[in-house]
Structures are given as structure tokens and as C-alpha cells.
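Everything on this sheet refers to the single structure shown next.
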Amino acid sequence: ALKYYKLASNKGNSNSQVSLAKILQKTDSDESISLFKKAAEKGNIEAQEYLVKKFTQDNDPENFDKYCKMLIKNGNTRVPLEFAVNLYKSKKFEQAFYYFSLLSSVNHPIASYFLGIMNFYGQGCEKNTKESYKILKELSDKGIEKASSFIEDHF
């Protein structure tokens, strides 16, 4: 099987690159990462998620950001959203605001809700109640109950 994974990987098959990368993780980590990167560049979401998690652990913000943006661009928002929420919970508001903004750019309602809340309180940004209301009102109009409740309680 290894022989065929290598052949397919060399021909650019991203699924084979990921499979081979997994096999090589313990014996040749540099080659493994190289294969994950090649697959990620081809749009392989599994490779992108792996690299986002790896670069989070390695505390490599530049590469983390690169692959996080790839995931968001490809419509896979689960891992970036988890990361942004964890940043928010850790009170790293500027970083959280940045990632919620990226997610919001692809109309992610949870990210937009956080941006509305953060604008209201000035977390990671200048306090801007007008922007907060605008964001939350759009969400409320789309049926997001938490946004409606926040508007009722705070505006």
C-alpha cells in the first residue's frame, strides 16, 4: 500500500498525500509535514485542519493564520471558530476579534454574534454600540434568538 500511496502522492493526489503523511508522522516528521502542506495547498480540508492544530501546538502564528484562512475560504469553519471562541474565553480579545472577523466575512452567524457583543463592550476593538446594534439587528432579522434577546436587554 505504501508503494501506491507514494505513486499517487507523487502524481499530486491530495488524499494519498494525507494518507502517506499520516504513515510518515513517526518516522519522518519533516516529510510528513511537507506532504500535509502539499495536500492543504490543493484544498484538502483534512490536511488544513491538521496543520492548523499542529501550528497552534507549535505556537507558530504565521503558519496557523495561513492554514486557518484556507479553511475559512473553503467553507470549513469548525476549527477556526473553536479557536476564536477559546481566545475569547481566555480574554485574548484582539486575537478573537480578528478571527471572528475572518469568519464573519463568510457570513458565519456565531462569529457575527460575537462581533456584535465585542463591539458593544469594546472587547478587542473600540466600543461601538451603533455597529453592535447593526450586526445584532441583522442576525435578529434572520431569526437568531440570542441576538434578539441581547437587543431587548441592552438597547
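For the reader, a short list of remarks on this structure follows.
- Qualifying residue in region 33-47 (condition: surrounded by 15 or more Cβ atoms within 10 Å (Cβ to Cβ), of a type in the set (Ser, Thr, Tyr), at pLDDT 95 or above and over 12 Å from PRO80 (Cβ atoms)): no
- Residue pairs meeting the criteria (Cβ under 7 Å; at least 6 apart or on separate chains; first within 17 Å of GLY143 (Cα to Cα) and hydroxyl-bearing (Ser, Thr, Tyr), in region 107-121; second in a helix (DSSP H, G or I) and open to solvent by 50 Å² or more (accessible area, probe 1.4 Å)): TYR113/LYS146
- Counting only helices (runs of 4 or more DSSP H) that fall entirely inside region 74-121 and contain at least 1 residues that are closer than 24 Å to PHE55 by Cα, of a type in the set (D, E, K, R) and open to solvent by 30 Å² or more (accessible area, probe 1.4 Å), the qualifying elements are 78-89, 93-104.
- Selection of first residues in region 127-155 that are in a loop (DSSP other than H, G, I, E, B) and of second residues that are open to solvent by 50 Å² or more (accessible area, probe 1.4 Å), restricted to Cβ pairs under 6 Å at least 6 apart or on distinct chains, gives the following pairs, ordered by first then second residue: ILE144/PRO109; PHE155/TYR133.
- The listed residue being more than 30 Å from LYS127 (Cα to Cα), in a helix (DSSP H, G or I) and without any contact (Cβ under 8 Å) to a residue 40 or more places away in the chain, out of LYS66, LYS54: LYS54
- Pairs meeting the criteria (first residue in region 84-97 and closer than 15 Å to THR56 by Cα, second residue open to solvent by 90 Å² or more (accessible area, probe 1.4 Å), beta carbons under 6 Å, at least 6 apart or on different chains) are LEU87/GLN95.
- Of the residues making up region 130-142, those that are loosely packed, with under 15 Cβ neighbours inside 10 Å and either more than 14 Å from HIS108 (Cα to Cα) or in contact with a His (Cβ under 7 Å, 6 or more places away or on another chain) (or both) number 3.
- Condition met for VAL79 (of a type in the set (Val, Ile, Thr), in contact with a helix residue (DSSP H, G or I) (Cβ under 9 Å, 6 or more places away or on another chain) and at pLDDT 95 or above): no
- Scanning region 1-26 for residues that are assigned to a loop (DSSP other than H, G, I, E, B) and among the polar types (S, T, N, Q) yields ASN13, GLN25.
- First in region 30-45 and more than 10 Å from LEU20 (Cα to Cα), second anywhere and assigned to a helix (DSSP H, G or I) and of a type in the set (Val, Ile, Thr), Cβ under 7 Å, 6 or more apart: ALA39/VAL18; ASN44/VAL18
The values are calculated or read from the model by the stated rules, or taken from the named source; none is laboratory data. Not measured: the values here are computed from a predicted model. Glycine also receives a Cβ, built like all others from the backbone with ideal geometry; neighbour counts cover every protein chain displayed. What goes into the accessible areas is simple: the full protein's heavy atoms, side chains included, and nothing from ligands, DNA or RNA. Shrake-Rupley method; radii C 1.70, N 1.55, O 1.52, S 1.80 Å.
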